[in-house]
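Working notes for the structure below.
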Ligand SMILES: [Zn+2]
């Protein structure tokens, strides 16, 4: 084709009413030079610069070359149609390009015959085991939606990658949470150290005013780069591990929109407890698919949880357990029940000392008597033992020593075991004890009347005169207990079958010659004294940092606590068993409000309505509904 024919084609094309959808751009300056040369100089083989050299921006190119060249060429800024460039057809381009080298610039026409616009981002692809990072730019057609972006990039990658990826859905785009004053070098450094803060792009609007895009590429049979940073790789060196832990810790402290539902508390615990999060994220089955998605999104700080309660959840298997009384007991201080929480880090002496501030006590450890009995037995207490070794089914009494009990020589000391009884005329059991044994001490040198007052003051505060007038043999009488088999002599009459001598009320010295004396306090009629200990529903629970069980082998142990069913029995300690650490707690704070606590790096965090805070100390009496234990 002659040059003049090409010029005619170009001029004819300019007069077209309807352009094709795809047009080629031609530099106005370049074509004017060409036309002038052809028309006026009538030359053949005109020497020309490369086509479009003046309108193309040679300094720019996409990191990833799109399959369609429309998106690969960069124009200089602020160019205008018919001033800087004109449209030509593909046919004209071919003719010109066969004569001259140049830059092909294809564009798609939009409304009013305008060419498509582009947005340019700094673009950084990342993938696992990456050695080198590319600094570059990538342009996106401003009309693309997210799935078009993904599809264009995936197509581009499949033609250029030297490694294998899954067929589809193998990329994920991120923006930086904080782009201010950052640089490529800084970003790469942060990516390498896995402390970069990124935000997954779900909506095109997230790209507004953003400069950087990170492209995460999932390799075949491997995960995404950013997915991997979530997993704690135990084999990594300690420095990196710490860095990762800190990062995980910080990330875990994202906030849910409404953290007061049981569901959001569950998710918060799942997300925050490394072992559980990894279990969910690394599980390759579909078992936790939805959960995985939620945790991943939450992990990157997304707040799109609005729909989470509509999704089909697969909670981790939970163990239904009843909290037993194992951590509780009641100590009676002067017959008044005081519920205490037995902290397993204390011994019994420390437990008693913690009770000495009670208004009715306020004295030192050596001035009190702490004893352990039920209706039939009394136990010696070893104060050095841990508090949790206190036996079940016993009543613990704590009171100040009475004057009769003080300063007793060891050789004169008698232990008096007081049984409160009612008289029953049935068979051998003539005296029926109805309350736990009470213990007191008295000297052999004390008088019988002192013994009466000592015993009386175990139940009520009463002086000598009142006792003699109102109690003695009126409401109750004191008897020495004999061995009904006749093998033990009566403490008082020295007979074997005296059938219980009454304790006299006089000034004579006791001088029993025996170290332990049992005395029945026989009531004339059943009094409304403290009835046998009836446990109530416990509404609190001591949160054990560590938990030993032999019935569970799982790494993760989630205890679903039913506070309504807490039962006061069956304390059990396992020694050859698995040790679990408490790492998460969900507490019910009202009828339908919950809050949770998570242990991160040995620090407890409390998540309330819309914030979190560090807590140094967990209250022992949380109204727990779920406990998360992780095997050590
Ligand atoms: Zn006797």
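The values are calculated or read from the model by the stated rules, or taken from the named source; none is laboratory data. Keep in mind it's a predicted model, so treat the numbers as computed, not measured. In this analysis, Cβ positions are derived from the backbone assuming ideal geometry, glycine residues included, and neighbour counts consider all displayed protein chains.
Of all residues in region 376-394, which are modelled with pLDDT of 85 or more and surrounded by 16 or more Cβ atoms within 10 Å (Cβ to Cβ)?
We begin by selecting, within region 376-394, every residue modelled with pLDDT of 85 or more; these are 376-385.
The answer is 378, 381.
Identify the residue in region 67-81 that is modelled with pLDDT of 90 or more and in a loop (DSSP other than H, G, I, E, B) and, among all such residues, is surrounded by the fewest Cβ atoms within 10 Å (Cβ to Cβ).
The qualifying residue surrounded by the fewest Cβ atoms within 10 Å (Cβ to Cβ) is 80.
Does residue 430 satisfy being farther than 29 Å from residue 337 by Cβ and in the same structural domain as residue 513 (by TED's automatic domain parsing)? If you could, list the steps in order and put the result at the bottom.
Working: farther than 29 Å from residue 337 by Cβ: yes; in the same structural domain as residue 513 (by TED's automatic domain parsing): yes.
For residue 430, the condition - farther than 29 Å from residue 337 by Cβ and in the same structural domain as residue 513 (by TED's automatic domain parsing) - is met.
Scan region 431-470 residue by residue and report those that are assigned to a helix (DSSP H, G or I), more than 23 Å from residue 372 (Cβ to Cβ) and under 56 Å from the mean Cα position of the chain (by Cα).
Start the filter on region 431-470 by keeping residues that are assigned to a helix (DSSP H, G or I), which leaves 448-459, 464-470.
Retained after the next criterion (residues that are more than 23 Å from residue 372 (Cβ to Cβ)): 448-450, 452-453, 464-470.
Across region 431-470, there are no qualifying residues.
Assess whether residue 431 counts as being within 16 Å of the ligand (Cβ to nearest atom), within 27 Å of residue 331 (Cα to Cα) and touching a residue at least 24 places away in the same chain (Cβ under 8 Å). So that I can check it myself, show each step before the final result.
Working: within 16 Å of the ligand (Cβ to nearest atom): yes; within 27 Å of residue 331 (Cα to Cα): yes; touching a residue at least 24 places away in the same chain (Cβ under 8 Å): yes.
Yes.
Can you tell me which residue within region 395-405, out of those that are surrounded by fewer than 19 Cβ atoms within 10 Å (Cβ to Cβ) and touching a helix residue (DSSP H, G or I) at 6+ places or on another chain (Cβ under 7 Å), is farthest from residue 365 (Cα to Cα)?
Per the criteria, the residue is 402.
Mind checking which strands (runs of 3 or more DSSP E) fall wholly inside region 471-581 and carry at least 2 residues that are over 25 Å from the mean Cα position of the chain (by Cα) and either within 16 Å of the ligand (Cβ to nearest atom) or modelled with pLDDT of 65 or more (or both)? So that I can check it myself, show each step before the final result.
Values: elements: 476-480, 516-523, 546-549, 556-561.
Output list reads 476-480, 516-523.
Against the conditions (1) touching a helix residue (DSSP H, G or I) at 6+ places or on another chain (Cβ under 8 Å); (2) at pLDDT below 80; (3) not in a strand (DSSP E or B), where does residue 345 fall short? Just the number, please.
(1)
Right, residue 418: in contact with a strand residue (DSSP E or B) (Cβ under 8 Å, 6 or more places away or on another chain), under 20 Å from residue 333 (Cβ atoms), in contact (Cβ under 8 Å) with a residue 40 or more places away in the chain and part of a strand (DSSP E or B) or not? First the steps, then the outcome.
Values: in contact with a strand residue (DSSP E or B) (Cβ under 8 Å, 6 or more places away or on another chain): yes; under 20 Å from residue 333 (Cβ atoms): yes; in contact (Cβ under 8 Å) with a residue 40 or more places away in the chain: yes; part of a strand (DSSP E or B): yes.
So residue 418 passes the test.
Could you tell me which residue of region 199-213 is farthest from the chain's Cα centre (by Cα), considering only residues that are crowded, with 17+ Cβ neighbours inside 10 Å and under 25 Å from residue 284 (Cα atoms)?
Among those residues, the one meeting the criterion is 201.
Provide a single number: the residues in region 402-412 that are touching a strand residue (DSSP E or B) at 6+ places or on another chain (Cβ under 6 Å) and either in contact (Cβ under 8 Å) with a residue 40 or more places away in the chain or not assigned by TED's automatic domain parsing to the domain that holds residue 499 (or both). Explain how you work it out, then say what you get.
Here is the first cut: in region 402-412, the residues touching a strand residue (DSSP E or B) at 6+ places or on another chain (Cβ under 6 Å) are 404-405, 408, 412.
Of the ones still in play, those that are also either in contact (Cβ under 8 Å) with a residue 40 or more places away in the chain or not assigned by TED's automatic domain parsing to the domain that holds residue 499 (or both) are 404-405.
Residues meeting the conditions: 2.
Just one of (1) within 14 Å of the ligand (Cβ to nearest atom); (2) without any contact (Cβ under 8 Å) to a residue 60 or more places away in the chain trips up residue 468, so point out which.
Here residue 468 meets the rest and fails (1).
Condition first: modelled with pLDDT of 85 or more and surrounded by fewer than 17 Cβ atoms within 10 Å (Cβ to Cβ). Can you find one or more residues in region 165-180 that meet it? If you could, list the steps in order and put the result at the bottom.
First pass over region 165-180, keeping only residues modelled with pLDDT of 85 or more: 170-177.
Going one step further and asking which of them are surrounded by fewer than 17 Cβ atoms within 10 Å (Cβ to Cβ), we end up with 177.
Looking for residues that are modelled with pLDDT of 85 or more and surrounded by fewer than 17 Cβ atoms within 10 Å (Cβ to Cβ), one finds at least one in region 165-180, hence yes.
Select from region 1-33 the residues that are assigned to a helix (DSSP H, G or I), over 25 Å from residue 74 (Cβ atoms) and without any contact (Cβ under 8 Å) to a residue 24 or more places away in the chain and list them in ascending order. Spell out the reasoning first.
Within region 1-33, the subset assigned to a helix (DSSP H, G or I) is 3-14, 28-33.
Applying the additional criterion that residues be over 25 Å from residue 74 (Cβ atoms) yields 3-9, 11-12.
Within region 1-33, 5, 8, 11, 12 qualify.
Do we find that residue 133 is over 30 Å from residue 47 (Cβ atoms) and more than 33 Å from the chain's Cα centre (by Cα) in this structure?
yes
Here is a list: 456, 446, 436. Which entry is surrounded by 16 or more Cβ atoms within 10 Å (Cβ to Cβ) and free of Cβ contacts under 8 Å to residues at least 40 places away in the same chain? Write out each step before concluding.
Values: 446 fails: free of Cβ contacts under 8 Å to residues at least 40 places away in the same chain; 436 fails: free of Cβ contacts under 8 Å to residues at least 40 places away in the same chain.
Of 456, 446, 436, the one residue that is surrounded by 16 or more Cβ atoms within 10 Å (Cβ to Cβ) and free of Cβ contacts under 8 Å to residues at least 40 places away in the same chain is 456.
Hey, among the residues in region 112-139 that are in contact (Cβ under 8 Å) with a residue 40 or more places away in the chain and closer than 24 Å to residue 23 by Cα, which one's surrounded by the fewest Cβ atoms within 10 Å (Cβ to Cβ)?
That would be 113.
For region 173-207, which positions are under 14 Å from residue 149 (Cβ atoms) and in a loop (DSSP other than H, G, I, E, B)?
Filtering region 173-207 down to residues under 14 Å from residue 149 (Cβ atoms) leaves 173-175, 200-207.
Within region 173-207, 201, 202, 203 meet the criteria.
Given 62, 29, 52, 42, which one is farther than 30 Å from residue 152 by Cβ and modelled with pLDDT of 85 or more?
On the way: 62 fails: farther than 30 Å from residue 152 by Cβ; 52 fails: farther than 30 Å from residue 152 by Cβ; 42 fails: modelled with pLDDT of 85 or more.
Going through 62, 29, 52, 42 in turn, just one is farther than 30 Å from residue 152 by Cβ and modelled with pLDDT of 85 or more: 29.
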